[in-house]
Amino acid sequence: YGRIESSWELTDKTCNYRFVVPANTTATVYIPASNENGVTLNGKPTAKANGVKFIGMEKNKAVYVVGSGGYKFKAKIPSSVK
């Protein structure tokens, strides 16, 4: 129960995403990317991030399940999305 927030900012080669997930809640997040290696969370590879689980790739998007908290994803934009 609570407010869910999201925002994004697009540059020439990257997209920055910000999410806030309320307490006792999970969210599924789809980040446009060629692969998981093209995505960082708070400046670190997502594989090393706490509270984030990589589910797989779906139609040029990296899919994650995240728990409650604030997240700042940064992704290289895949050429197929341009």
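The values are calculated or read from the model by the stated rules, or taken from the named source; none is laboratory data. Quantities reported herein were computed from a predicted structural model and do not represent experimental measurements. Methodologically, a virtual Cβ is constructed for each residue, glycine included, from the backbone with ideal geometry; neighbour enumeration extends over all protein chains shown. Heads up: the accessible areas ignore ligands, DNA and RNA and are worked out on the full protein's heavy atoms, side chains in. Shrake-Rupley method; radii C 1.70, N 1.55, O 1.52, S 1.80 Å.
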Checking G43, G56, G2, G69 in turn, the sole residue that is exposed (fewer than 13 other Cβ atoms within 10 Å of the Cβ), touching a residue at least 24 places away in the same chain (Cβ under 8 Å), on the phi > 0 side of the Ramachandran plot and not aliphatic (A, V, I, L, M) turns out to be G43
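If I filter the stretch 26-42 for residues that are among the polar types (S, T, N, Q) and assigned to a strand (DSSP E or B), do I get at least one hit? Lay out the reasoning, then the answer.
From the stretch 26-42, those among the polar types (S, T, N, Q) are 26, 28, 34-35, 37, 40, 42; that's our starting set.
This time we only want the ones that are assigned to a strand (DSSP E or B), so: 28, 40.
Yes, the stretch 26-42 has at least one match.
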Among the residues of the stretch 43-59, the number that are in a helix (DSSP H, G or I) and over 21 Å from T25 (Cβ atoms) is 2
Matching residues in the stretch 5-25 (open to solvent by 100 Å² or more (accessible area, probe 1.4 Å), over 12 Å from the mean Cα position of the chain (by Cα) and either at pLDDT below 90 or under 13 Å from K72 (Cβ atoms) (or both)) number 4
Restricted to the stretch 26-40 and to residues being under 18 Å from E9 (Cα atoms) and either hydrophobic (A, V, I, L, M, F, W, C) or surrounded by fewer than 17 Cβ atoms within 10 Å (Cβ to Cβ) (or both), the residue modelled with the lowest pLDDT is A33
